Amino acid sequence: MGKQKQQAKILDKAKLPDLIEALSARAVCLGPVRSADGPRWERLKPSSVLDLESVNTRLSPKAVFLPQREVLCTFRGDRLEDSPPESEAERTVLFGVRACDARALQCLDLVFGPGQSRFSDPYYLERRERALIITLACREPGRACFCTSVGGSPAGTEGADVAAVDLGAELLLTAVTDKGRDFLGEQEALLTAADQSHLESARNQAERARSLVGAVDLEKLTETLARDFDDPVWEELARPCLGCGVCAYLCPTCHCFDISDEVDSRGAGVRIRSWDCCQYPLFTRHASGHNPRVNRKQRLRQRIMHKYAYTVENSGVIFCVGCGRCILNCPAHLDIRVTLRALQTRGGRS
């Protein structure tokens, strides 16, 4: 019974600066902060104005674990000098991660962790191990959100160490993992016990938020994609696409990268990993010059197939969490929900 009490606590919002100060003394504390361009992830300080209302930051917290550009090793000539650097990852607390973004981290875990492959990424895993994820349930889902269609929930706890619910003047904090339980224990002086009314309010809020999320029927999508690989509908769907890569760079589950070497005149160099995108014409070009995906139709199809068919086949998981970023930020106004519905209704009719 005592353990159960520790799992659900109440934080008065007036004490948020005290919590941030306590966290910042022991870790890099990041959270969504209001700015002229909307909420964005920043390093927090007690005076930071946390944005707990906006549904999503434009950029997901993916970059905390998979930086857009990072040095993997240094070398001189044919001699490796540093690979990888000795554990430089700091302890990190991410406060206010939306449920979709926390769920996306579990997708990345399948790629960079040892679960689905004999390979694993020490850089990514080191950052994940040192991070504490505090999610924040959505009270009002955004107009482009469709998390429930891909197995998520506005108040989901997948990928969270601590799940937070905004109850107005208070935050309900519930431990999800042992790491989360340790966190609540460490901050006990700032917290009070949650009672049944708090839990009931959180449940009601979660049910209401879930009812407001737009739905896309994906029940037969995977088999439709497998059957209709060459359907003419792909040509029509890809016609507006600019191939700019905004969808991939903002997507919390996209993880493709390129590796390049930069060498100076003395033979000293660095090996760099940087994000890449399957919508770029050079993404699949071979050293011979041959490119198996020469047009936008093939590249758009690859993006959809990868997220909704290939990853399902390989790991049993759709690599889309319904965050809606690609919908809100596409300069050509492409809407992946429209694409999916078109594939469901028109696929297989050629």
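The values are calculated or read from the model by the stated rules, or taken from the named source; none is laboratory data. Bear in mind the structure is a predicted one, so any value in this text is a computation, not a measurement. All Cβ positions, even for glycine, are placed from backbone atoms using ideal geometry, and neighbour counts span all protein chains on display.
Any chance you could count how many residues in the stretch 143-162 are outside any loop (DSSP other than H, G, I, E, B) and in contact with a Ser or Thr (Cβ under 9 Å, 6 or more places away or on another chain)? So that I can check it myself, show each step before the final result.
Just the residues of the stretch 143-162 that are outside any loop (DSSP other than H, G, I, E, B), to begin with: 147-150, 162.
Then keep just the ones that are in contact with a Ser or Thr (Cβ under 9 Å, 6 or more places away or on another chain); that gives 147, 162.
Total satisfying the criteria: 2.
At pLDDT below 90, assigned by TED's automatic domain parsing to the domain that holds ALA169, over 19 Å from the mean Cα position of the chain (by Cα) and among the polar types (S, T, N, Q): does that describe GLN116?
On the way: at pLDDT below 90: yes; assigned by TED's automatic domain parsing to the domain that holds ALA169: yes; over 19 Å from the mean Cα position of the chain (by Cα): no; among the polar types (S, T, N, Q): yes.
Answer is no for this residue.
Restricting to the stretch 105-142, count the residues that are assigned to a loop (DSSP other than H, G, I, E, B), farther than 26 Å from VAL312 by Cα and acidic (Asp, Glu).
Residues flagged as assigned to a loop (DSSP other than H, G, I, E, B), farther than 26 Å from VAL312 by Cα and acidic (Asp, Glu) within the stretch 105-142 amount to 1.
Looking at ASN56 and the list (1) surrounded by fewer than 20 Cβ atoms within 10 Å (Cβ to Cβ); (2) in a loop (DSSP other than H, G, I, E, B); (3) in contact (Cβ under 8 Å) with a residue 40 or more places away in the chain, which single condition is not satisfied?
Among (1) surrounded by fewer than 20 Cβ atoms within 10 Å (Cβ to Cβ); (2) in a loop (DSSP other than H, G, I, E, B); (3) in contact (Cβ under 8 Å) with a residue 40 or more places away in the chain, the lone unmet condition for ASN56 is (1).
Would you mind finding the one in LEU173, LEU237, LEU225 that is outside any helix (DSSP H, G or I) and under 27 Å from the mean Cα position of the chain (by Cα)?
Details: LEU237 fails: outside any helix (DSSP H, G or I); LEU225 fails: outside any helix (DSSP H, G or I).
When all the criteria are applied, what remains is LEU173.
When you scan the stretch 176-201, how many residues do you find that are assigned to a strand (DSSP E or B) and either buried (at least 18 other Cβ atoms within 10 Å of the Cβ) or of a type in the set (A, V, I, L, M) (or both)?
So the first thing to find is which residues in the stretch 176-201 are assigned to a strand (DSSP E or B), and the list is 192-193.
Pick out the ones that are also either buried (at least 18 other Cβ atoms within 10 Å of the Cβ) or of a type in the set (A, V, I, L, M) (or both) and you get 193.
Here the count works out to 1.
Take LEU334 and decide whether it is within 11 Å of CYS247 (Cα to Cα), in contact (Cβ under 8 Å) with a residue 40 or more places away in the chain, part of a loop (DSSP other than H, G, I, E, B) and of a type in the set (A, V, I, L, M).
Working: within 11 Å of CYS247 (Cα to Cα): yes; in contact (Cβ under 8 Å) with a residue 40 or more places away in the chain: yes; part of a loop (DSSP other than H, G, I, E, B): yes; of a type in the set (A, V, I, L, M): yes.
So LEU334 passes the test.
Only one of ILE304, ILE318, ILE327, ILE259 is over 19 Å from ALA144 (Cα atoms) and in contact (Cβ under 8 Å) with a residue 24 or more places away in the chain. Can you tell me which? Break it down stepwise before answering.
Numbers: ILE304 fails: over 19 Å from ALA144 (Cα atoms); ILE318 fails: over 19 Å from ALA144 (Cα atoms); ILE327 fails: over 19 Å from ALA144 (Cα atoms).
So the residue among ILE304, ILE318, ILE327, ILE259 that is over 19 Å from ALA144 (Cα atoms) and in contact (Cβ under 8 Å) with a residue 24 or more places away in the chain is ILE259.
Quick one: is ASP109 in the same structural domain as ARG91 (by TED's automatic domain parsing), more than 30 Å from LEU340 (Cα to Cα) and either free of Cβ contacts under 8 Å to residues at least 60 places away in the same chain or among the hydroxyl-bearing types (Ser, Thr, Tyr) (or both)? Full working, then the answer.
Details: in the same structural domain as ARG91 (by TED's automatic domain parsing): yes; more than 30 Å from LEU340 (Cα to Cα): no; either free of Cβ contacts under 8 Å to residues at least 60 places away in the same chain or among the hydroxyl-bearing types (Ser, Thr, Tyr) (or both): yes.
No: the conditions fail for ASP109.
Among the residues in the stretch 337-348, are any among the β-branched types (Val, Ile, Thr), part of a helix (DSSP H, G or I) and surrounded by fewer than 17 Cβ atoms within 10 Å (Cβ to Cβ)?
Taking the stretch 337-348 first, the residues among the β-branched types (Val, Ile, Thr) are 338-339, 345.
Still in the list and also part of a helix (DSSP H, G or I): 338-339, 345.
From the residues that got through so far, the ones that are surrounded by fewer than 17 Cβ atoms within 10 Å (Cβ to Cβ) too are 338, 345.
Scanning the stretch 337-348, I find at least one residue that is among the β-branched types (Val, Ile, Thr), part of a helix (DSSP H, G or I) and surrounded by fewer than 17 Cβ atoms within 10 Å (Cβ to Cβ), so the answer is yes.
If I filter the stretch 187-238 down to residues being under 21 Å from ARG296 (Cβ atoms) and charged (D, E, K, R), which single residue comes out as modelled with the lowest pLDDT?
ASP228
Go through CYS256, CYS247 for me and flag whichever is among the hydrophobic types (A, V, I, L, M, F, W, C), out of contact with any Leu (no Cβ under 7 Å at 6 or more places or on another chain) and within 20 Å of ALA342 (Cα to Cα).
On the way: CYS256 fails: within 20 Å of ALA342 (Cα to Cα).
Going through CYS256, CYS247 in turn, the sole match is CYS247.
Based on this model, can you work out whether ILE272 counts as in contact with a Lys or Arg (Cβ under 8 Å, 6 or more places away or on another chain) and part of a loop (DSSP other than H, G, I, E, B)? Even if it seems obvious, please write down each step before you answer.
On the way: in contact with a Lys or Arg (Cβ under 8 Å, 6 or more places away or on another chain): yes; part of a loop (DSSP other than H, G, I, E, B): no.
So ILE272 fails the test.
For the stretch 285-295, state whether one or more residues are modelled with pLDDT under 95, exposed (fewer than 15 other Cβ atoms within 10 Å of the Cβ) and touching a Gly at 6+ places or on another chain (Cβ under 9 Å).
no
Picking from GLU42, GLU86, which residue would you name as being at pLDDT below 90, farther than 18 Å from LEU191 by Cβ and not in a helix (DSSP H, G or I)?
Only one candidate qualifies: GLU86.
How many residues does the stretch 330-350 hold that are closer than 17 Å to SER149 by Cα and of a type in the set (A, V, I, L, M, F, W, C)? Explain how you work it out, then say what you get.
From the stretch 330-350, those closer than 17 Å to SER149 by Cα are 335-345; that's our starting set.
Next, only the ones that are of a type in the set (A, V, I, L, M, F, W, C) stay: 336, 338, 340, 342-343.
The total comes to 5.
Name the single residue that is surrounded by the most Cβ atoms within 10 Å (Cβ to Cβ) among those in the stretch 240-269 being part of a strand (DSSP E or B) and of a type in the set (Gly, Ala, Ser).
GLY269
For PHE75, only one of the following conditions fails: (1) assigned to a strand (DSSP E or B); (2) free of Cβ contacts under 8 Å to residues at least 60 places away in the same chain; (3) not charged (D, E, K, R). What is its number?
Only one criterion in (1) assigned to a strand (DSSP E or B); (2) free of Cβ contacts under 8 Å to residues at least 60 places away in the same chain; (3) not charged (D, E, K, R) is unmet by PHE75, namely (2).
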